[in-house]
């Protein structure tokens, strides 16, 4: 009996035992085999080298400088702290500029019992600075020197708004892109950001069989990183530099573009040194840049939204032509103002004594406001806005740069949505001369100038070849009323070549014929009681109007678009004209413009 | 040889007479030997061979450098077995057992004062002058079994089992070393001693009322009295066991689970070969067995243990009148049961990790040697079970106690 009790108890224990062993080894076999595999495999990523950015002539705009990083052996701070101090002292002994306490802090942040790797305390030291100290430093067993690359922008401020810069990636960027997480750097703006996924390449990895101490036993798989994915841009860095320097103390933006969308230069003045950001910008530099009233951080050619002023007038005329073709065949009489509404609210032409009888061509040439006031009232804002959006106003240009602004092309719906207010007739009137709610970026104006010059709406492109793939051009052909289009172009020709044209002085004497349009976008509105405007030169700098000019050339075979805005520059022709003239001369000199036979332009309609 | 001595010198006559005596006694020994072999339980010995062979094979696969050591343990264990086998236990029991028990108690107490502390537990004591450290708790198992056998054979229970007085007396034999070992702390070994000791008492026979009271007391006492007095690391182990399995157990489960039905080739048994499985040659060797030979291998070894334990219980039941054999056979059965069950339970996550080896399987000298010695004693007792037939001295003693029919 006693034996039976003992045996029954024993059998119960063994039954549970065998049942459990069966569950683990037979039933859960697949699950545990997976865990076993995870135990023995370790994946190590290899960082790809970031691709370079080149200009159209092969000049390197962004590359990876080769240098060295310095790491200190782990576990030096536990127990004998002096070992860590002596290692840091050794490093500082060779590189006195380095900050001891920062290095110590970085080390202590990453140091732990479980970290068996060397801890990087100096991210980057230039090759030529390190190379003489290398033999001595590398003998120290607590110091590890490794080859390291660092992004470098040799042209500094000249192209920073196009190229952008890279910086340390944040938590959010790490979680969305596995490559970024491994590399630890990501494009923060410009091409570096918009083409980040191409430039950074693809991770390589190695799968090792490891033992319990994480020691590698055998290489199971090796996939090389795919890198050196370069970007060749349409930019000519020499042109870019020439334009930037030409600005001097002024601020503003310039876009130089082929009519097919290739951007030769896009300048935003003032600018900043992108190299400051690569290792993390310090607070003093950041504050100085941040507080500059000329906004060096703002990429003015895609993020600066300005009233387009009179540069809108060709587009406005084309919108009238599309909406009501007969309308433009009728001349307007300009007596210097129109009166509108019961209060007889006066809308002045810029010329207080009026332009008299004004045809379309004359209206463009002399930028007669009354002509556009009257026509716009007949067409109405909704029809105008619909056409203008087709021409690129209020819509993004699609340029290959991040976070482009689309500006505003208002209509009744827009105002209701935005301000919960009805549309007033007067707002149609001022919209027709590019004031009021209308806002455009210089890139939008350049794109629309190309549309006027070629009847093609293109997408501006900075990059021409991305990772050996040619970027496809995007062109949407338009079919305008040819008579009106010809008149408009002739008006633009007059602007630069007729003695009464607003940019005649700066642009009539070019190696080829230039057509264009100037504009002045008001920063402050002008009161009703002011009969005669104060001249721009007499106004305070930051209340002065922005000076616009947008041009194309040669007149009869458009090959180049140049659009410029000088902030607080006053009148377009006088302020922006000479810069544009210099750009055309430079382009001519460098052979950017194929020579065309100078044809006689019909001068008959020169009233 | 004799002639050599005679011709060489007369001085040697004395020595020769000595030799003659020793030859005589050797003849006497041989005479006994035939009796020994007649009763020797060979099957019990054969049952251990699979354990020894597979253990050696597994240890060699995990760490070839330990193989030689293992062979050395085997050799010492065999010597221990034979020494234990030829000792005239039935003759010397009356003086040997009390002394041996007392010495071991003394060693356990000395652990308190001069013991060596390894990993927070004081279990080892250094023997002066030799430089060897021993773990007195291991010898205590033998001493307790001997002491129980000695007392029980001198005061056999009545038909209904021992009464309270004898039960308390025997309990002291078990509980004093239990408390001393548990204080070291080595709760695993202490519990083994406790269970094996009371298991033997259960087999030998104690009145059922005593068991009833004891069981109900234990059920109430364990949670309320024992748990608060545990060491922090012991509590942590129990908590780990009740919640997430520890890293060690997790790795053991992976190794066993990866083995599947029939296991993996040596090089494919990655969890052990790449050292993910901790202490794979000693306490966790069963997990490697699982990874290497799968469910089939594990069941086979468990069956070997089950058959061994059944055989031991059978031997005990066959010797109703010989309480020494009954105590040693059932004691050994309980030791095997507790060690193997607790060891495997902790590996498969059914018991907290208490550090008990798999008996005669885990790499480690103590387990092989101590168990061999106990087997040696048991075989000796079986071999000399007819001792009374040719030892009148003892017969007289037993008759005086009214124990012989």
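The listed residues are A:71, A:46, A:28, and the only one of them that is touching a helix residue (DSSP H, G or I) at 6+ places or on another chain (Cβ under 9 Å) and under 30 Å from residue A:199 (Cα atoms) turns out to be A:46. When we screen A:105, A:83 for residues that are part of a helix (DSSP H, G or I), exposed (fewer than 14 other Cβ atoms within 10 Å of the Cβ) and more than 14 Å from chain B (Cβ to nearest Cβ), the only hit is A:105.
Kindly provide the set of residues from segment A:462-496 that are out of contact with any helix residue (DSSP H, G or I) (no Cβ under 7 Å at 6 or more places or on another chain) and buried (at least 23 other Cβ atoms within 10 Å of the Cβ), ordered by number. Selection gives A:493 alone. Applying the criterion of being under 14 Å from residue B:349 (Cβ atoms) and assigned to a helix (DSSP H, G or I) to the residues of segment A:23-34, the residue that is nearest to the other protein chains (Cβ to nearest Cβ) is A:32.
State whether the residues of segment B:278-286 include one that is away from chain A (no Cβ under 11 Å) and part of a helix (DSSP H, G or I). Break it down into steps so the answer makes sense when it comes.
First pass over segment B:278-286, keeping only residues away from chain A (no Cβ under 11 Å): B:279, B:281-285.
Now narrow it down to the ones that are part of a helix (DSSP H, G or I): B:285.
The answer is yes, given that some residue of segment B:278-286 is away from chain A (no Cβ under 11 Å) and part of a helix (DSSP H, G or I).
Among the residues of segment A:407-423, the one identified as surrounded by 15 or more Cβ atoms within 10 Å (Cβ to Cβ) and free of Cβ contacts under 8 Å to residues at least 24 places away in the same chain is A:415. The lone criterion from (1) crowded, with 18+ Cβ neighbours inside 10 Å; (2) in a helix (DSSP H, G or I); (3) touching a helix residue (DSSP H, G or I) at 6+ places or on another chain (Cβ under 7 Å) left unmet by residue A:271 is number (2).
Given A:40, A:53, A:44, A:5, which one is in contact with a strand residue (DSSP E or B) (Cβ under 6 Å, 6 or more places away or on another chain) and facing another protein chain (nearest Cβ under 9 Å)?
A:40
Of A:150, A:140, all but one fail to be in a loop (DSSP other than H, G, I, E, B) and touching a residue at least 12 places away in the same chain (Cβ under 8 Å); the exception is A:140.
Taking strands (runs of 3 or more DSSP E) that fall entirely within segment A:163-226, which contain at least 3 residues that are within 14 Å of chain B (Cβ to nearest Cβ)? Spell out how you get there, then give the answer.
Details: elements: A:166-168, A:185-187, A:204-210, A:216-223.
Of the strands (runs of 3 or more DSSP E) lying wholly inside segment A:163-226, those with at least 3 residues that are within 14 Å of chain B (Cβ to nearest Cβ) span A:204-210, A:216-223.
Whether any residue in segment B:258-268 is facing another protein chain (nearest Cβ under 9 Å), farther than 25 Å from residue B:186 by Cα and assigned to a helix (DSSP H, G or I) is what I want to check. Looking through segment B:258-268, at least one residue is facing another protein chain (nearest Cβ under 9 Å), farther than 25 Å from residue B:186 by Cα and assigned to a helix (DSSP H, G or I). Taking the conditions (1) farther than 20 Å from residue A:554 by Cβ; (2) out of contact with any strand residue (DSSP E or B) (no Cβ under 8 Å at 6 or more places or on another chain) in turn, residue A:478 satisfies each one other than (2).
Quick test for you: out of B:344, B:374, pick the one residue that is within 12 Å of chain A (Cβ to nearest Cβ) and touching a helix residue (DSSP H, G or I) at 6+ places or on another chain (Cβ under 7 Å). First the steps, then the outcome.
Numbers: B:374 fails: within 12 Å of chain A (Cβ to nearest Cβ).
Within the list B:344, B:374, the selection yields B:344.
Just one residue in the set B:350, B:335, B:358 is within 24 Å of residue B:298 (Cα to Cα), assigned to a loop (DSSP other than H, G, I, E, B), within 14 Å of another protein chain (Cβ to nearest Cβ) and within 13 Å of the chain's Cα centre (by Cα); that residue is B:358.
Do the conditions hold for residue B:310, that is, is it out of contact with any helix residue (DSSP H, G or I) (no Cβ under 7 Å at 6 or more places or on another chain), over 29 Å from residue B:227 (Cα atoms), part of a helix (DSSP H, G or I) and within 12 Å of chain A (Cβ to nearest Cβ)? The answer is yes for residue B:310. Filtering segment A:571-592 to residues that are assigned to a loop (DSSP other than H, G, I, E, B), touching a residue at least 24 places away in the same chain (Cβ under 8 Å) and surrounded by fewer than 19 Cβ atoms within 10 Å (Cβ to Cβ) leaves A:590, A:592.
Among the residues here, residue B:215 does not qualify as farther than 19 Å from residue B:320 by Cα and either touching a helix residue (DSSP H, G or I) at 6+ places or on another chain (Cβ under 7 Å) or not in a helix (DSSP H, G or I) (or both).
Considering the conditions (1) in a helix (DSSP H, G or I); (2) closer than 29 Å to residue B:72 by Cβ; (3) in contact (Cβ under 8 Å) with a residue 40 or more places away in the chain, residue B:324 is excluded by exactly one of them, (2). Go through the residues of segment A:536-547 one by one and say whether even a single one is at pLDDT 85 or above and part of a strand (DSSP E or B). The answer is yes, given that some residue of segment A:536-547 is at pLDDT 85 or above and part of a strand (DSSP E or B). No other residue among B:251, B:273 is at the interface with chain A (Cβ under 9 Å from one of its Cβ atoms), at pLDDT 80 or above and buried (at least 17 other Cβ atoms within 10 Å of the Cβ) apart from B:251.
Of the residues making up segment A:336-345, those that are in a loop (DSSP other than H, G, I, E, B) and surrounded by fewer than 12 Cβ atoms within 10 Å (Cβ to Cβ) are A:341, A:342, A:343, A:344.
Out of all the residues in segment B:184-211, which are without any contact (Cβ under 8 Å) to a residue 60 or more places away in the chain and within 13 Å of chain A (Cβ to nearest Cβ)? Once the filter is applied, which keeps residues that are without any contact (Cβ under 8 Å) to a residue 60 or more places away in the chain and within 13 Å of chain A (Cβ to nearest Cβ), segment B:184-211 yields B:198, B:201, B:202, B:205, B:206, B:207, B:208, B:211.
The conditions of being out of contact with any strand residue (DSSP E or B) (no Cβ under 6 Å at 6 or more places or on another chain) and either outside any helix (DSSP H, G or I) or away from chain B (no Cβ under 14 Å) (or both) are not met by residue A:67.
Being over 11 Å from residue A:573 (Cβ atoms) and surrounded by fewer than 19 Cβ atoms within 10 Å (Cβ to Cβ) is the filter here, so list the residues in segment A:497-507 that pass it.
Taking segment A:497-507 first, the residues over 11 Å from residue A:573 (Cβ atoms) are A:497-500.
Of everything in segment A:497-507, those that are over 11 Å from residue A:573 (Cβ atoms) and surrounded by fewer than 19 Cβ atoms within 10 Å (Cβ to Cβ) turn out to be A:499, A:500.
The one condition from (1) crowded, with 20+ Cβ neighbours inside 10 Å; (2) under 22 Å from the mean Cα position of the chain (by Cα); (3) assigned to a helix (DSSP H, G or I) that residue A:428 does not meet is (2). The condition (being more than 10 Å from chain B (Cβ to nearest Cβ) and within 22 Å of residue B:286 (Cα to Cα)) is satisfied by just one residue among A:12, A:16: A:12.
Within segment B:218-240, none of the residues are within 11 Å of chain A (Cβ to nearest Cβ), surrounded by 12 or more Cβ atoms within 10 Å (Cβ to Cβ) and assigned to a helix (DSSP H, G or I).
The values are calculated or read from the model by the stated rules, or taken from the named source; none is laboratory data. Computed from a predicted structure; not experimentally measured. Every residue, glycine among them, receives a Cβ derived from its backbone with ideal geometry; neighbour counts consider all protein chains shown.
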